[in-house]
Amino acid sequence: MGSGTGFAGEVVLRNRSGSTCRLSGWPGLTFFGDGTIHVCTTADPPDCVSGPVSTSGTRPFKVSRFGAATPPVVLLAPGRTTSFVVETHGWCLGVSPAYSVDIRLPGDSRPLTLAPAPNISPCDDKLDVTAFGTTA
């Protein structure tokens, strides 16, 4: 995926219902949390963070679909898991990661919330995501 110089994290979803679920496509992702640039000098303590941390504002990441033009159909039996991968295009030191992520599944009106979020803080605010059931 992508450039290979950033972070790639697998997000695993488990079917907690009593019936088989059908997933096809890519997850919808909304990232929440502070995008404050950490500006600290050598005179500041090692844990210096400038600016307040927000956990509610959305982060304007551009999410690109990665992988096959036709995603697989995943039939997910009760208790079983599937996954997808999120990858950044690069690292940016000094930018705080997202606090949480809402994951929207096709056909479901309620998002799933992943909190705390993976340590995602891309410099260029661009992410790649694979379809359900694929990891690269």
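The values are calculated or read from the model by the stated rules, or taken from the named source; none is laboratory data. Since the structure is predicted, the reported quantities are computational estimates derived from the model, not experimental observations. Quick reminder, even Gly has a Cβ in these numbers, built from the backbone with ideal geometry, and neighbours come from all protein chains shown. With ligands, DNA and RNA removed, areas are computed over all heavy atoms of the protein, side chains included. Shrake-Rupley method; radii C 1.70, N 1.55, O 1.52, S 1.80 Å.
When the criteria are applied in full, Gly79 meets the requirement of being modelled with pLDDT of 85 or more and assigned to a loop (DSSP other than H, G, I, E, B). So is Thr5 in a loop (DSSP other than H, G, I, E, B), farther than 22 Å from Thr113 by Cβ, at pLDDT below 85 and within 17 Å of the chain's Cα centre (by Cα) or not? For Thr5, the condition - in a loop (DSSP other than H, G, I, E, B), farther than 22 Å from Thr113 by Cβ, at pLDDT below 85 and within 17 Å of the chain's Cα centre (by Cα) - is met. Being modelled with pLDDT of 70 or more, of a type in the set (A, V, I, L, M, F, W, C), crowded, with 18+ Cβ neighbours inside 10 Å and in a loop (DSSP other than H, G, I, E, B) is the requirement here; does Ala117 meet it? Criteria not met by Ala117.
If you filter the range 41-71 down to residues that are open to solvent by less than 50 Å² (accessible area, probe 1.4 Å) and outside any strand (DSSP E or B), you find that the one that is modelled with the highest pLDDT is Pro71.
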